[in-house]
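The values are calculated or read from the model by the stated rules, or taken from the named source; none is laboratory data. Keep in mind that what you see is a predicted model, and the values were worked out from it rather than measured. Methodologically, a virtual Cβ is constructed for each residue, glycine included, from the backbone with ideal geometry; neighbour enumeration extends over all protein chains shown. With ligands, DNA and RNA removed, areas are computed over all heavy atoms of the protein, side chains included. Shrake-Rupley method; radii C 1.70, N 1.55, O 1.52, S 1.80 Å.
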Amino acid sequence: MARTERPTQAMYAAIGRTAAESARVEQNLRELFALLIESPYGRVLAAGEDISRLQQMCLRVARYNKKITEAQLEQLIAIDRAITAARPQRNFLVHSVWYRMKTPGEHYGERSSRPATSRNGASTSEHAVWTLDDAREVANYYEKIAGYLERFIDQTFEGVRIPLVMSRAQEENIRERWEKLMGDAWQLPSD
């Protein structure tokens, strides 16, 4: 193996952009879920779920939401398939340890995985050589998916906004800070 040194800054940037765009996709799925169930608590239910679970939750609810047309459901299924198709490349890119190769523009990625228990699963890691263009392509793909989700949400739920919810502790913290800042001036006069 011709590993030489750490990845280029451009490769790091492409990895980071992929992570950021996939986080945008996850956030859009959380928002979509809240809109589909018509409740701010959708964000609470979807918090912390990984992308595959978010996809599953959104599709499950969309199939029962009477406001979603068959055409819209087909759009959502197509977006779901696009996310599923890109996930292995995204996971490899974001979760691998990367090295710059001697050949200009090439990077070597090594991703450890859980040891397989089946007979044909002898490896505990995956290996691949990627170029900067390969990494940028994954980031671009996730950027497109995020855009598709945003357009779907805007077109399907035009004008509908689900209010943000905070935990009781967060709300109390904000209230206390506001009172310290404004004192009695922020309260409405009483009759």
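Can you pull out every residue in segment 64-80 that is in a helix (DSSP H, G or I) and closer than 19 Å to R151 by Cα?
Listed by number, the residues that qualify are E70, A71, Q72, L73, E74, Q75, L76, I77, A78, I79, D80.
Under 6 Å between Cβ atoms, at least 6 apart or on separate chains: pull out the pairs that start in segment 133-157 with a residue that is among the β-branched types (V, I, T) and end on any residue that is open to solvent by less than 60 Å² (accessible area, probe 1.4 Å) and part of a helix (DSSP H, G or I).
So the pair list comes out as V138/T18; V138/R90; V138/L93; I145/V25; I145/A82; I145/I83; I153/L32; T156/Q72.
Condition first: open to solvent by 70 Å² or more (accessible area, probe 1.4 Å) and either basic (K, R) or touching a Ser or Thr at 6+ places or on another chain (Cβ under 7 Å) (or both). Now tell me which residues in segment 125-157 satisfy that. Give the derivation first.
Residues of segment 125-157 that are open to solvent by 70 Å² or more (accessible area, probe 1.4 Å), as a first pass: 126-127, 129, 133, 136-137, 141, 143-144, 148, 151, 154-155.
E126, R136, K144, R151, listed by residue number.
How many residues are aliphatic (A, V, I, L, M), within 14 Å of I153 (Cα to Cα) and either open to solvent by 60 Å² or more (accessible area, probe 1.4 Å) or free of Cβ contacts under 8 Å to residues at least 60 places away in the same chain (or both) when one looks only at segment 39-70?
Residues of segment 39-70 aliphatic (A, V, I, L, M): 44-47, 51, 54, 57, 59, 61-62, 68.
Subsequent filtering for residues that are within 14 Å of I153 (Cα to Cα) retains 59, 62, 68.
Add one more test, that the residue is either open to solvent by 60 Å² or more (accessible area, probe 1.4 Å) or free of Cβ contacts under 8 Å to residues at least 60 places away in the same chain (or both), and what stays is 59, 62.
Count: 2.
Being of a type in the set (S, T, N, Q), within 17 Å of E143 (Cβ to Cβ) and under 11 Å from the mean Cα position of the chain (by Cα) is the requirement here; does S22 meet it?
Details: of a type in the set (S, T, N, Q): yes; within 17 Å of E143 (Cβ to Cβ): yes; under 11 Å from the mean Cα position of the chain (by Cα): yes.
Yes: the conditions hold for S22.
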